[in-house]
Amino acid sequence: AQRVTQPEKLLSVFKGAPVELKCNYSYSGSPELFWYVQYSRQRLQLLLRHISRESIKGFTADLNKGETSFHLKKPFAQEEDSAMYYCALKEGGKLIFGQGTELSVKP
Amino acid sequence: EAQVTQNPRYLITVTGKKLTVTCSQNMNHEYMSWYRQDPGLGLRQIYYSMNVEVTDKGDVPEGYKVSRKEKRNFPLILESPSPNQTSLYFCASRGTASYEQYFGPGTRLTVT
């Protein structure tokens, strides 16, 4: 079965600190991976995808096929980054989501 | 404005009383999907549809039904709701050639 694992339910950091949200996947093929974000009282929205290799709101994520990981990183966390973050794997027409990590950035 | 809408946004009901949660998108997307979100379990897919009259089970389809008679609508039907279906439900849509999935605002369902 294809799976996505986010080992941390909650990650709490101080403003200005680096942050890394972990995502590991299992997939027999070339994976297509995404990070979605859900701010408080808002709907889920796409943050970034691995193919584009872009930086959105200061976040980056690199696909590491050897470690089957797609960790989300930001060098200096901001309070407005506090949200629920979901890693997702595309399988055909389906998106398989991880359990989610709640990021709390404290002042 | 391109969007996915869901109704109702909040619903409290009793066990066994049939209900329908509607989902509509105005982006002419082929692909639509329903998820439930539960603490510690993340988002789990209930059903999805690749196009009109084409639906398939996701990871947690038990107790749910769907239909896709029109491209824009994808209602979620609970024939006999039970308390374990208390959850936050999200509808989503995506164009076939697109990678980005657009989500609705969510429907919070409580079954007593």
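Before moving on, here are some points about what is shown:
- Test for B:Q45: is it touching a Lys or Arg at 6+ places or on another chain (Cβ under 7 Å), within 14 Å of another protein chain (Cβ to nearest Cβ), within 24 Å of B:V111 (Cα to Cα) and open to solvent by less than 70 Å² (accessible area, probe 1.4 Å): yes
- Among residues of the range B:83-103 being assigned to a loop (DSSP other than H, G, I, E, B) and surrounded by 16 or more Cβ atoms within 10 Å (Cβ to Cβ), the one that is nearest to the other protein chains (Cβ to nearest Cβ) is B:Q101.
- Single residue of the range A:56-85 satisfying the filter (farther than 22 Å from A:F14 by Cβ and among the hydroxyl-bearing types (S, T, Y)) that is farthest from the chain's Cα centre (by Cα): A:T68
- Top-ranked residue in the range A:61-107 [being assigned to a loop (DSSP other than H, G, I, E, B) and within 14 Å of another protein chain (Cβ to nearest Cβ); ranked as modelled with the lowest pLDDT]: A:G93
- Residues that are in contact (Cβ under 8 Å) with a residue 60 or more places away in the chain, at negative phi and open to solvent by 10 Å² or more (accessible area, probe 1.4 Å), drawn from the range B:26-42: B:M27, B:H29, B:E30, B:Q37
- Test result for A:Q38, open to solvent by 20 Å² or more (accessible area, probe 1.4 Å) and either under 24 Å from B:R108 (Cβ atoms) or more than 9 Å from chain B (Cβ to nearest Cβ) (or both): yes
- The test for being in contact (Cβ under 8 Å) with a residue 40 or more places away in the chain and open to solvent by 10 Å² or more (accessible area, probe 1.4 Å) holds for A:E67.
- So B:R72, is it within 14 Å of chain A (Cβ to nearest Cβ) and modelled with pLDDT of 95 or more: no
- Taking every residue in the range B:10-21 that is touching a residue at least 24 places away in the same chain (Cβ under 8 Å) and at positive phi and pairing it with any residue that is open to solvent by 40 Å² or more (accessible area, probe 1.4 Å) and assigned to a loop (DSSP other than H, G, I, E, B), at least 6 positions away or on another chain, the pairs with Cβ-Cβ distances below 8 Å are B:G16/B:S80.
- Matching option when the condition is at pLDDT 95 or above and at the interface with chain A (Cβ under 9 Å from one of its Cβ atoms), among B:Y35, B:Y31: B:Y35
- For the range A:42-60, filtering for residues that are among the aliphatic types (A, V, I, L, M), touching a residue at least 12 places away in the same chain (Cβ under 8 Å) and more than 10 Å from chain B (Cβ to nearest Cβ) leaves 2.
- So B:T55, is it part of a strand (DSSP E or B), polar (S, T, N, Q) and either open to solvent by 20 Å² or more (accessible area, probe 1.4 Å) or within 14 Å of chain A (Cβ to nearest Cβ) (or both): yes
- Selection count where residues are under 24 Å from A:G93 (Cα atoms), at pLDDT 95 or above and open to solvent by 40 Å² or more (accessible area, probe 1.4 Å), scope the range B:1-25: 2
The values are calculated or read from the model by the stated rules, or taken from the named source; none is laboratory data. Note that the structure is predicted; figures quoted are calculated from it, not measured. Ideal geometry is used to build each Cβ from the backbone, glycine not excepted, and the neighbour counts take in all protein chains shown. Heads up: the accessible areas ignore ligands, DNA and RNA and are worked out on the full protein's heavy atoms, side chains in. Shrake-Rupley method; radii C 1.70, N 1.55, O 1.52, S 1.80 Å.
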